[in-house]
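Let me give you the structure first, and then I'll get to my questions.
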């Protein structure tokens, strides 16, 4: 695949992540189930990390594990190590916010705000790294 095609495909991932971001903000501002914002924060991060890998011509496993994806990014650019705390925090939201647990989880607006803030940091970081290319 040509380098231009990688850029187009990566851009598609970033656009989808941005759509998730807009939806996450609506729930945060308008109210609703804050677990949705937490889940979408995980999804935003996943799509940005995968988009970065694609932009670098890398193939990734079909995983949702943000720490694994981050480690793949760090193999290309060690600067990604600054995102480890955010990825660890957001990683749990893939499953626990979507499926019933033994005890229901009541996500707070504060928790949702923190999750979205982590995703925003990752979005900005990846965007800056892409712009350097």
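Determine, for each peptide in 48-59, 81-92, the mean count of other beta carbons within 10 angstrom over its residues, then list the peptides with the highest first.
Output ranking for 48-59, 81-92: 48-59, 81-92.
With a cut-off of 18 Å, note down the residues of the range 8-39 whose backbone N falls inside the zone around a label point 7 Å from the Cα of residue 106 toward its beta carbon.
In the range 8-39, the label zone of residue 106 (backbone N under 18 Å from the point 7 Å along Cα→Cβ) covers 31-38.
For the chain, state the semi-axes of the equivalent ellipsoid (square roots of 5 times the eigenvalues of the alpha-carbon gyration tensor), sorted largest first and rounded to whole angstrom.
Working from the Cα gyration tensor, I get semi-axes of 27, 15, 13 Å.
Give me the one-decimal nm value for the distance between modelled label points at residue 30 and residue 78, 7 Å along each residue's Cα-to-Cβ direction.
Each label point lies 7 Å from its Cα, and together they span 4.6 nm.
Where in the range 67-93 does the label zone of residue 124 land, with the point 7 angstrom along Cα→C-beta and an amide N cut-off under 14 Å?
Residues 83 qualify, since their backbone N sits under 14 Å from the label point.
Sticking with this one: 222 nm [θ] for the chain, helices only, -39500 (n - 2.57) per DSSP H run of 4+, per residue, to 500?
-24000 deg cm²/dmol
Give me 37, 45, 127 ranked fewest to most by other Cβ atoms within 10 Å of their Cβ, as a rough exposure proxy.
Fewest-to-most Cβ neighbours within 10 Å comes out as 127, 37, 45.
Among 23, 108, which comes first, second and so on when ranked by fewest other beta-carbon atoms within 10 Å?
Placing the least packed residue first, the sequence is 108, 23.
Every number here is computed from the coordinates shown, using simple stated rules; none is lab data. A quick note: this is a predicted structure, and the numbers were derived from the prediction, not measured. Note: ideal-geometry Cβ built from the backbone for every residue, glycine included; neighbour counts use all protein chains shown.
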